[in-house]
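First up is the structure itself, then whatever we jot down about it.
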Amino acid sequence: MLQVHAGTTKTLSYTPKAGPYRLALVNGFVGDSWRIQMIQSLKAWAARPENAKNFKELKVVSTGTDVAAQIAAIDNLIAAAAAEPISALSPASW
């Protein structure tokens, strides 16, 4: 559901589902230290006991610089009901 609040700010809103949840990250490139740290930080955060109890799966897929492979990986996760799409590259997801 897309909601518009006070002016032109748009917000995506979903009805909460009961956990535990599946968490997935499709990473397009691992050739720099920032992306490696991003993945390691996500894994460490998900492993913390207060967070781990809420997740049944954490999946990280790195596709390299192949845009078609990244899109296919995201499509596969959505088709497997493993993810609601959120993209750091899309302001609509913020």
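Only the coordinates and a few stated rules stand behind these numbers; no lab work does. Keep in mind it's a predicted model, so treat the numbers as computed, not measured. Cβ placement follows ideal geometry from the backbone for every residue including glycine, while neighbour counts extend to all protein chains displayed.
When Lys and Arg each count +1 and Asp and Glu each count -1, what net charge do the other residues less than 9 Å away from P20, Cβ to Cβ, add up to? Please list the in-between numbers first.
On the way: positive: R22, K53, K56; negative: E57.
Net local charge, P20 excluded: +2.
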Approximate spin-label separation W34-R22, in nm, with each point projected 7 Å along Cα-to-Cβ:
3.0
